[in-house]
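The values are calculated or read from the model by the stated rules, or taken from the named source; none is laboratory data. As the structure is a computational prediction, the values presented were derived from the model and not from experiment. Cβ: placed from backbone, ideal geometry, glycine included. Neighbour counts: every protein chain shown. Side chains are part of the model used for accessible areas, which takes the heavy atoms of the whole protein and leaves out ligands, DNA and RNA. Shrake-Rupley method; radii C 1.70, N 1.55, O 1.52, S 1.80 Å.
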Amino acid sequence: MFDGLTGRLGDIFDRLRKRGALSEDDVNAALREVRIALLEADVALPAVKSFIQGVKEKAIGTEVLRGINPGQMVVKIVHDHLVELLGAQVEDLDLNAAPPIPILMLGLQGSGKTTTSAKIAVRLKKRDKKKVLLASLDTRRPAAQEQLRILGEQTGVASLPVIPGQQPVEIARRAMEVGRLEGYDVVILDTAGRLAIDEELMAEVVAIRDVARPVESLLVVDAMTGQDAVTVATNFNERVGITGIVMTRIDGDARGGAALSMRHVTGKPIKLMGMGEKTDALEPFHPDRIAGRILG
Ligand code: GDP
């Protein structure tokens, strides 16, 4: 792991030929390479700057451990700091509330929101033996409600019957009502996607939130998202208030710098990651795996 960065830093330290504690010059030279690695992984600039500052404070004056070279020492400090920032503790979904527990799913169109809704339902059903109701509030994309119904059928999870013409806020209210009357533990509300941050849809989501009072509001973001991740995460967090992030398409070859950018701007944990198209391809977030990818 981190062959790219280790190699690059190894070259620098071969040139410097320093031993003992890491000097400021050593660290500065190494951090230039780290900065490039982060930018290449599409981490947003403010997050890169803050990260570099944090590593610098930790690294300068650190004794180089016996048996490793200064380059490897810096890589270790960088890696550990990255894992810490990404969230050293794995945070699971918060289900500490009276049923039915509403989970609100948010995100741009195509981020994997509907698939992730079904994945979470399957996980809660299988692992936690929860009775889950799926409800699509996406009345804009004609096939969206049907897509969720089919996913529910394939996985044996109930979905809220569609009433043609009903508006999203009304669907949310009905979903919670059915959740209460029929004894569901969890109600997953899949909101409409959007191509970009859109005022009308944001106002709609806020109205849905106020009706459903979600215990979890999860922002679903494709790992391929680059600099946009900051705008998306900031907007959803400021307008709706998110409780966590789900990163999808970790099975692809994205470097996943968006994870660090989003942590930086929202401070909210990345709770889960999507590892494929199948409904069981969902895992707890592994900061060390993403750290490895970001460092390259
Ligand atoms: P939505 O518009 O946000 O609801 O997105 P969808 O759930 O419809 O997903 C869009 C596409 O991405 C679908 O083809 C999904 O199968 C696919 N997808 C979702 N999550 C993942 C994932 O973790 N990995 C991969 N490879 N594909 C995914």
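Under a point-charge model restricted to the Cβ atoms of Lys and Arg (+1) and Asp and Glu (-1), what is the dipole moment magnitude of region 118-249 relative to its Cα centre, in debye to the nearest 20? Before the final figure, lay out the partial values.
Numbers: 19 positive and 18 negative charges, 140 e Å.
Here the size comes out at about 680 debye.
Measuring with a 1.4 Å probe in the full set of protein chains, what accessible area per residue, in whole Å², belongs to the chain? Don't skip to the end; give the middle numbers.
On the way: 13320 Å² over 296 residues.
For the chain, the per-residue accessible area is 45 Å².
Taking the alpha-carbon centroid of each part, what is the distance from region 258-286 to region 197-257 in angstrom?
Their Cα centres are 11 Å away from one another.
Is region 124-216 best put as rounded, prolate or oblate by its Cα gyration tensor, with a ≥ b ≥ c the root eigenvalues, rounded for a/c under 1.5, and otherwise prolate when a/b is larger than b/c, oblate when not?
Note, shape of region 124-216 comes out prolate.
Restricting things to alpha carbons, find the Rg to Rh ratio for region 1-158 using the Kirkwood radius for Rh. Mind showing how you got there, number by number?
On the way: Rg = 23.3 Å, Rh = 19.5 Å.
Rounded to two decimals, Rg over Rh is 1.20.
Can you compute the label reach from LEU95? Point 7 Å from Cα along the Cβ direction, backbone N cut-off under 20 Å, restricted to region 136-168.
It comes to 136, 152-160, nothing else.
Find the percent of Cα-Cα distances in the chain that exceed 28 Å, and round it to a whole number. Provide the component values of the computation, followed by the final result.
Working: 18365 of 43660 pairs.
Tail fraction, whole percent: 42.
Show me 223-233, 111-121 ranked by packing, highest mean number of other Cβ atoms within 10 Å first. The partial results should precede the final answer.
Working: 223-233: 20.7, 111-121: 25.5.
Going by the mean number of other Cβ atoms within 10 Å, highest first, we get 111-121, 223-233.
Within the chain, what whole-number % of the accessible surface is contributed by carbon and sulfur, with the 1.4 Å probe and all protein chains included in the calculation? Spell out each step's value before the answer.
Numbers: 6660 of 13320 Å².
So the carbon and sulfur contribution to the accessible surface is 50 percent.
Starting from the residue with the highest accessible area, list GLU283, GLU199 in decreasing order, probe 1.4 Å. Mind dumping the intermediate values first?
Working: GLU283 60, GLU199 120 Å².
Correct descending sequence by accessible area is GLU199, GLU283.
Can you give me the long-range amide H partners of ALA158? Hydrogens built in the peptide plane at 1.01 Å from N, cutoff under 5 Å, separation of 5 or more residues or another chain.
VAL132, LEU134
For the chain, calculate the relative contact order in percent as a whole number, restricting contacts to Cα pairs under 8 Å that are 6 or more residues apart.
Numbers: 550 pairs, mean separation 73.5, N = 296.
Answer for the chain is 25 percent.
What is the magnitude of the charge dipole of the chain about its Cα centre, with +1 placed on the Cβ of each Lys and Arg, -1 on the Cβ of each Asp and Glu, and no other charges, expressed in debye to the nearest 20?
Working: 39 positive and 40 negative charges, 92 e Å.
The dipole magnitude comes to about 440 debye.
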